[in-house]
Each structure stands twice: as structure tokens, then as C-alpha cells.
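**Student:** Take this structure first; my questions come after.
The values are calculated or read from the model by the stated rules, or taken from the named source; none is laboratory data. Computed from a prediction, not measured in an experiment: that's the story for all the values here. So basically every Cβ, Gly included, is an ideal-geometry build from the backbone, and we count neighbours across all protein chains shown.
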Amino acid sequence: MTASQPSARSRWIALVVLCAGMLMIVLDQTIVNVALPAIRDDLKFTDAGLAWVINAYLIAFGGLLLLAGRLGDLIGRKRIFLIGLTVFTLASLLCGASTTPEMLIVSRFLQGVGGAMATAVTLGMIVTMFPKPAEQARAIGVFSFVAAAGASIGLLLGGVLTQALNWHWIFLVNVPIGIAALVFATRLIANEPGVGLREGADVLGATLITGSLMLGVYSIVESQALLGVLAVVLLAGFIVRQLTAANPLLSLRIFRSRNITGANVVQILMIAGMFGMFFLGTLYMQFVLGYNALQIGLAFLPVALAIGTFSAGFSAPLMGRFGPKPLLIAGLTLVLAGLIWFAQVPVDGVYLRDMFPAMLLLGIGAGVSFPTLMTLAMSGATSSDAGLASGLVNTTAQVGGAVGLAVLATLSTTRTESLAATGVSAPVALTSGFQLAFWTGAALVAIGVVIAATVIRIVPATETSDEEAPERVLVHV
């Protein structure tokens, strides 16, 4: 067994290390939400300033994913992953030690930079480590579980740490995890030399797309229409640049694949609907039902457990038996059913009757959909652009979350304020606003089902074993 062909055992251990780093980053995206009231009171944040604890992270994270993925292809994905983990870990220490609002906001921005670098290349590293279809499906299933279930676990862990200790520990807990992940990643993850900067870093293209994504996320979270227009102009300039550059940052040929394009669009729609459910569902349980932070985390636990069970345990064999397209349609349909169920929550909602069935449907649906989407979104990429494809799929996930949250939260707030102005009680007005948002989320996922059924091509199911499967970098569809 040569250095370029690590043993099966070492590859699976390396996968655990990658997923540990990924889990730390995914948890951080939701663990902060339940601690915001404590952070506001301790550091004397204004309401407007408090939003930047979230926004500073989102802007850096969403804006740098595509660039970080391409840099991984050029100078080595392991190198970018280690740099990202280092930045994220140090930034977490600064967050936990923050004594002023300004220090926390700057530290959160740095967290977003590190998180983007590590996240952008992780999926590309996984698919190159596991080139055989059966192994690759299982590995992506494990990764999908970590990426999807981590958001639910973050809500629970944030409540536990904030109530048992204090808000500083939601950041400080990352430090020992990050150090351990760095040590093991350095030793266990094989070096993959990049194609080299001589292939062209496309500085202008990188500047245009990074500026576009950062301004786009900023315009969404701050509702700044003018900056949104500027983001679109920069995006148009980026597309023109990619059509004319000798070595483009993002080769537009990748979008010739109906499956890659369709999977990324479906992911945007699915995450837009589900992310809004997580955020607004939290508000419904807090302000209408009176749940505390720990109870909210426990309420979402069935989603995490279902995602874990089906993404890591069932998605790979089901994909091998039926193929990605039928499995994706089935998973999206379950997500749609869960959102429709959630859209009917009453003012006096009872968890087991009104929310638990929706949680199970959403968890099972997401558990089979996420691995399938990631497999399709990485399909056809070569070893030289796997990092870019990985950055792209992570970018569309962030775009879906940001756009979905902005749209659904705006609809919910507008409906609530309109009803409150007519004298309707606060719980009724809030519930009506949440219901409208959940129905809108369901409509987005329904569009995703249609796109999955009409755009994505059928990939023949395969039951080829690892030993029989041909060596290949990615699943080619």
C-alpha cells in the first residue's frame, strides 16, 4: 500500500477527523442563536447590533466559500482545510474571551473566514478519498448526517451550555475540539498536491464573486435593495469574466451537466424551506408556546436523530438499489409533507400531536435527500476541480439558507404586524405569521420536487461492490 493509496482503515479514520472539524463548524452556526439574549445582556448590545453577531459570520462564510474551494484545488485541499481550522479555532478563543460588542463581532467575522476555508474543501476531500461508488455513497451519507443533524444538535447544546455555564462556553468548547482535529488531520489526512498557481488564480474573478456574495448576503440580512443590485452587477461581471478568462475561477462547463445544475438549484429551494422552519419554529415554540432554550433543543432532537439514522444508515443502500433521482424525489416529498404539517400548528399547539410528526417527516426526508443531492452536485467533477465543486455546493446551501430566512421572516413579520394592527392578540398574530412562512417554505420545496422530476436525469442504480467497482474520482452522471 503506497502513500498515494492509503488503506481503507486510514481513510475511514480520516473521514472521522474531517467530520469532527465539520461538526464543530456546523454546530457554531446554530449554537449561537439560543445564547443571543445572554450575550445582549452581558455585553450591552443594542437590538440592531446584536444581529451582527450572526450577520458578521454569515457574510464572511457565504462570501468566501467559492474562492476557498478553488484555492484548495490550486494549492492543496488539505492545506486550506488546516489553515481554515486554525483560523476558526483561534477566532473561537477570541469570541469566548470577548468583553465588548466590537470584539465579538470582529471575532465572529474571523470565524466565518476560517469556517468557509475548512468547509469549502471538505466534501472535495471526501469524494477523492473514496473513489469507488459504494464506499463514496456511505462516506457522503456520514458527511450529510454531520452537516444536516449538526444544526439541530447545536440548538440543544447551546441551551445546555448557556444555562449550565455561560454564553462564553458556546465558543470556548470549540478550542479543544479544534486543536484535536488539527493534530489528527495533520497526521491522518493524506497530502493532495494542488494543480499549482501556474494554472491561474483568476484574481479578478475571485474579487468579483467574493464581493458579489458578501454584498448579496449583506443586502439580504440587512434588507438593502441598492446593495443587492450592486451584488447582481458584480455577479454579471463575474460571469463575463469566466467566459473570457484563460483560466477562469469557475469553469462554466460544470453547469452543462443537468444533474449538477439541477441538484444545486434543488438544494437552494430545499434548504430555504427547511432553514426557515428551524428559525421560525424556534420563535413559535419560544413566544407562542413558552418553551425555554433547552426544551426547544429537545423538540428538534427527533429531526437530528432521523437525519442521522437515514443519511448514515439507509441512504447508501437505497441509492444503490433505486438510483439517486427516485430517492431524491421521495425524500423531497417527505420534507414537503413535514412542512405542510408544520404549517397547520395552532396557538395552543401540543408537541406530540402538532410538531412531532412533522419533525419525523422532515428528518427522514432530509436524511435521504442530502446525501443524494451532494452526490449529484459533485458528479462529473475531476480531481483538479473537486474543491471548486465542493465550494459550489456549500455556497448554494448558504445562499438557500440566507435567502429563505430573509423571505420567510419578512413574510411572517409583515403578516403578524398587519394582524396586530387590527387588534388581534399577539399569540394569534404570531402564529398566523409563522403559518404563512411555513406554507411558503412548503411551496419552495414543492418547486424543488418539480425540478428534481423534470431536470435531473435518471442514473441507473448499481449494486456493484467496492471490490468490483472501477476506480474513479467522483460519481459520473
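**Student:** Any idea which of (1) of a type outside the set (Ser, Thr, Tyr); (2) in contact (Cβ under 8 Å) with a residue 12 or more places away in the chain; (3) surrounded by fewer than 18 Cβ atoms within 10 Å (Cβ to Cβ) is the one MET319 doesn't satisfy?
**Tutor:** Status for MET319: all satisfied but (3).
**Student:** Follow-up. Condition first: under 19 Å from ALA137 (Cβ atoms), in a helix (DSSP H, G or I), at pLDDT 70 or above and not hydroxyl-bearing (Ser, Thr, Tyr). Now tell me which residues in the range 365-393 satisfy that.
**Tutor:** Step one: list which residues in the range 365-393 are under 19 Å from ALA137 (Cβ atoms), which gives 365-381, 383, 386, 389-390, 393.
Those left that are additionally in a helix (DSSP H, G or I): 365-377, 386, 389-390, 393.
Filter again for at pLDDT 70 or above, leaving 365-377, 393.
Residues satisfying the conditions are GLY365, ALA366, GLY367, VAL368, PHE370, PRO371, LEU373, MET374, LEU376, ALA377, VAL393.
**Student:** Also: Checking ILE447 against (1) within 21 Å of the chain's Cα centre (by Cα); (2) modelled with pLDDT of 90 or more; (3) closer than 26 Å to TYR291 by Cβ; (4) not small (Gly, Ala, Ser), which test does it fail?
**Tutor:** It is condition (3) that ILE447 fails.
**Student:** Of the numbered conditions (1) farther than 20 Å from ALA56 by Cβ; (2) more than 19 Å from the chain's Cα centre (by Cα), SER107 fails exactly one; give the number of that condition.
**Tutor:** Every listed condition holds for SER107 apart from (1).
**Student:** When you scan the range 269-314, how many residues do you find that are assigned to a helix (DSSP H, G or I), over 17 Å from GLY338 (Cβ atoms) and of a type in the set (Gly, Ala, Ser)?
**Tutor:** Going through the range 269-314 one residue at a time, the tally reaches 4.
**Student:** In the range 121-138, what residues are among the acidic types (Asp, Glu) and either buried (at least 22 other Cβ atoms within 10 Å of the Cβ) or not assigned by TED's automatic domain parsing to the domain that holds GLY62 (or both)?
**Tutor:** The answer is none; no residue qualifies.
**Student:** Among (1) touching a helix residue (DSSP H, G or I) at 6+ places or on another chain (Cβ under 6 Å); (2) closer than 17 Å to LEU66 by Cβ; (3) assigned to a helix (DSSP H, G or I), which single condition is ASN247 missing?
**Tutor:** (3)
**Student:** So PRO324 ticks every box in (1) out of contact with any helix residue (DSSP H, G or I) (no Cβ under 6 Å at 6 or more places or on another chain); (2) modelled with pLDDT of 80 or more but one. Which box is left unticked?
**Tutor:** (1)
**Student:** Looking only at residues in the range 9-48 that are modelled with pLDDT of 70 or more and among the small types (Gly, Ala, Ser), which one is surrounded by the fewest Cβ atoms within 10 Å (Cβ to Cβ)?
**Tutor:** The residue in question is SER10.
**Student:** So, one more: Looking only at residues in the range 206-260 that are exposed (fewer than 15 other Cβ atoms within 10 Å of the Cβ) and among the charged types (D, E, K, R), which one is nearest to LEU74 (Cα to Cα)?
**Tutor:** The selected residue is ARG253.
**Student:** Can you name the residue in the range 341-359 that is part of a helix (DSSP H, G or I) and crowded, with 18+ Cβ neighbours inside 10 Å and is also nearest to the chain's Cα centre (by Cα) among such residues?
**Tutor:** Residue satisfying both the conditions and the ranking: MET359.
**Student:** Criterion first (touching a Gly at 6+ places or on another chain (Cβ under 6 Å) and either surrounded by 18 or more Cβ atoms within 10 Å (Cβ to Cβ) or at pLDDT below 85 (or both)) does GLY404 satisfy it?
**Tutor:** yes
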